[in-house]
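The values are calculated or read from the model by the stated rules, or taken from the named source; none is laboratory data. This is a predicted model, so every value here is computed, not measured. Counting neighbours? That spans all protein chains shown, and the Cβs are built from the backbone with ideal geometry, glycine included.
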Amino acid sequence: MNATLIEQLNDEFSLQGDNNNLQFKKGKGDLPVVDIQNSCASACISLQGAHLLSWIPKDEEEVIWVSEDANFSAGKSVRGGVPICWPWFGSYDNTNNETTNNFPTHGFARTTNWQVLSTEALGNGSTRISFTTQPEEDTKAMWPPETSVQLKITIGKKLELELITHNDSATPITIGQAFHTYFNIGDITNTQLHGLDDTDYLDKADNLKRKVQHGPITIEEEVDRIYLDTTSDCVIEDKTMKRNIIIIKCGSHSTVVWNPWEEVAASMGDLGENGYTKMLCVESSNAAEDVATILPGKAHQLWVQYAVQRMC
Ligand code: TA6
């Protein structure tokens, strides 16, 4: 089944050039993936969840972290990469405006299969791939409003992700969403996150208490925070790898920062040995009180751009 699908995808969408190569293949756990190589970067994306698993800009080290103990299986979100949280974030049920445990955490987009809409070699050496995912019986039951969703991923010296939600229904809809990006870092104890100074946040590790950030974020314990009402760009300062990761965003009013630290990581079972020391999630999102309302016939764009800057 997968072999035929992969063949069909390659027939229709593969790109073959010295400087822009895009091929579908069987990935880990038999999940189909697309490998992209161009003059600026290489990348790998799983078709389940349209889940980016790797992005390595030319002459750089891996920017995206995936756990050494990640499970690659149908219907399960891979631990690491860029899971797409949609159409809600956490256990929040936007449809009924209430918290529920009956729905999958972070929505269903990260575990459903996405279809490829197009692939394109861009003039600047980058490669763009566009995906969509169709509602199925079980997802329709969880998410009745008529919506269509597209994800555009542009692989280049910079990485761009754009998640577009169209409200095809006759009434306003409210969505929660996030690029739940796991960044690959040298050592969490030697890393700081800039850009959220003076910002209010909900502290999920402390009963969702509302607090205010002072200065850059350093991680010395479990951090699970939803920074509210912020459109600010962020910078991960990784002194061990001697690089900054610049995160620019648009259409996002909250930023989630997460590192489970040792104890929670151990209880999760798929974070790998000392995995928590090598990752930091900085999630451009619309979460908690910052969910986004889309009027009938309108669309919402959530966009991010990541770039790596070497320290002198
Ligand atoms: O984005 C942070 C968070 O919501 C945390 O609370 C933590 O549980 C994490 O996501 C991972 O969630 P997952 O459903 O992928 O295990």
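Yes or no, residue by residue, for (1) free of Cβ contacts under 8 Å to residues at least 60 places away in the same chain; (2) surrounded by 17 or more Cβ atoms within 10 Å (Cβ to Cβ); (3) within 16 Å of the ligand (Cβ to nearest atom); (4) more than 21 Å from the chain's Cα centre (by Cα):
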| position | (1), (2), (3), (4) |
| --- | --- |
| G123 | yes, no, no, yes |
| I129 | no, yes, no, no |
| Q134 | yes, no, no, no |
| Q150 | yes, yes, no, no |
| G156 | no, yes, no, no |
| T171 | no, no, no, yes |
| D197 | yes, no, no, yes |
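At least 3 residues being more than 30 Å from C40 (Cβ to Cβ) and either touching a strand residue (DSSP E or B) at 6+ places or on another chain (Cβ under 6 Å) or of a type in the set (S, T, Y) (or both) is the threshold, and among the strands (runs of 3 or more DSSP E) wholly inside segment 139-242 those reaching it are 173-175, 200-203, 209-212, 223-227. Of the residues making up segment 201-221, those that are surrounded by 15 or more Cβ atoms within 10 Å (Cβ to Cβ) and in contact with a Phe, Trp or Tyr (Cβ under 8 Å, 6 or more places away or on another chain) are Y201, Q213, I219. If only residues of segment 270-312 that are β-branched (V, I, T) and closer than 20 Å to K157 by Cβ are counted, the one that is surrounded by the most Cβ atoms within 10 Å (Cβ to Cβ) is V282. Checking W65, W114 one by one, the residue that is modelled with pLDDT of 95 or more, aromatic (F, W, Y), in contact with a strand residue (DSSP E or B) (Cβ under 6 Å, 6 or more places away or on another chain) and closer than 26 Å to I236 by Cβ is W65 and no other. Here is the figure for segment 261-301: residues that are within 26 Å of E60 (Cα to Cα) and within 15 Å of the ligand (Cβ to nearest atom) total 10.
Are any residues in segment 69-92 part of a strand (DSSP E or B) and within 10 Å of the ligand (Cβ to nearest atom), and if so, which ones? Let's see the steps before the verdict.
Looking only at segment 69-92, we keep the residues that are part of a strand (DSSP E or B), and these are 80, 82, 84-86, 92.
Answer for segment 69-92, where residues must be part of a strand (DSSP E or B) and within 10 Å of the ligand (Cβ to nearest atom): G80, C85.
Condition first: more than 26 Å from Q309 (Cα to Cα) and either at pLDDT 95 or above or small (G, A, S) (or both). Can you find one or more residues in segment 150-164 that meet it? Yes, segment 150-164 contains a residue that is more than 26 Å from Q309 (Cα to Cα) and either at pLDDT 95 or above or small (G, A, S) (or both).
The listed residues are D69, D35, D59, and the only one of them that is of a type in the set (D, E), without any contact (Cβ under 8 Å) to a residue 12 or more places away in the chain and surrounded by fewer than 23 Cβ atoms within 10 Å (Cβ to Cβ) turns out to be D59.
Filtering D238, D224 for residues that are more than 16 Å from the ligand (Cβ to nearest atom), acidic (D, E), modelled with pLDDT of 95 or more and surrounded by 16 or more Cβ atoms within 10 Å (Cβ to Cβ) leaves a single hit, D238.
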